[in-house]
Amino acid sequence: MSTPRPRLTGVDDGLRVRVSTRIRGADDPQRISDAFRRLFPDAPDVTWPPSAAYPTEADCTVTVENVPLDTMMQCIRDQRILDTALDAMTMMIDNDTTSFRLERVAALAGKVAFGLPGHPPLGGTFEVCIEGPGLRDWLMAATHHEGRASVPRSIGDERAMAPDGEVTVWFER
């Protein structure tokens, strides 16, 4: 029998979590809201701009503070992308702050897909910023899985994906 995983929300762990997204002309705020709620159902209430007839000149940014990461982290576990998540969530780490992007179209389907620098995806992204003491330890714990007993990982190690998102081959077949 396996031991239950500790709850790793980010917010309850002393970290500040902020999620923001830019809404422009062809974006549908209701669909963006739906995507946001799929990954962050326990986030504080958000006032989204009203939907407008296309085309529109709308251009605004919605930012939500104190966002729990439980559901997002559960999606990452369910999708079995914990090592990818470790790499993507630490690509822009600087001391006790990191940021990464999540694709909104994937979020609408209840999935996590990380946006890569220089590759704006169709449908836009959520920018997630996590900051606070112990961030590196939290990220290692949040993405831990049993496979690390035989293939240990650490932030930025030789097994990390390349900055352009390409896989790093570290084993021979």
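Here, each number is a calculation from the coordinates, and none is a lab measurement. Everything numeric in this text was worked out from a predicted model, so none of it was measured. Note that each Cβ is placed from the backbone with ideal geometry, even for glycine, and that neighbours are counted across all protein chains shown.
How much FRET efficiency would the formula 1/(1 + (r/R0)^6) give for Glu158 and Ala109, where r is the Cβ-Cβ distance and R0 is 30 Å, rounded to 0.05? The calculated FRET efficiency here is 0.35.
A Stokes-Einstein calculation at 4 °C with viscosity 1.567 mPa s, built on the Kirkwood radius of the chain over Cα pairs, returns a diffusion coefficient of 76 µm²/s. Annotation for Asp45 and Gln79: the two label points, set 7 Å from Cα along the Cα-Cβ direction, are 3.0 nm apart. Assuming charge only on the beta carbon of Lys and Arg (+1) and of Asp and Glu (-1), the dipole of segment 64-173 about its Cα centre is about 360 debye to the nearest 20. Distance between the modelled labels on Met92 and Val151, one decimal in nanometres: 2.7 nm (7 Å Cα→Cβ projection). Among the GluC sites (Glu not before Pro) within segment 78-141, not one is in coil by DSSP while having at most 11 neighbouring Cβ atoms inside 10 Å. Build a GNM of the chain with springs between Cα atoms under 10 Å apart, and of Gly124, Gly147, Gly134 the one that fluctuates most is Gly147. Each other residue within a Cβ distance under 9 Å of Cys129 adds +1 if Lys or Arg and -1 if Asp or Glu, for a net charge of 0. Here the chain is scanned for chymotrypsin sites (Phe, Trp or Tyr not before Pro) in DSSP loops (not H, G, I, E, B) that have at most 10 other Cβ atoms within 10 Å, and the longest stretch holding none of them is 1-169.
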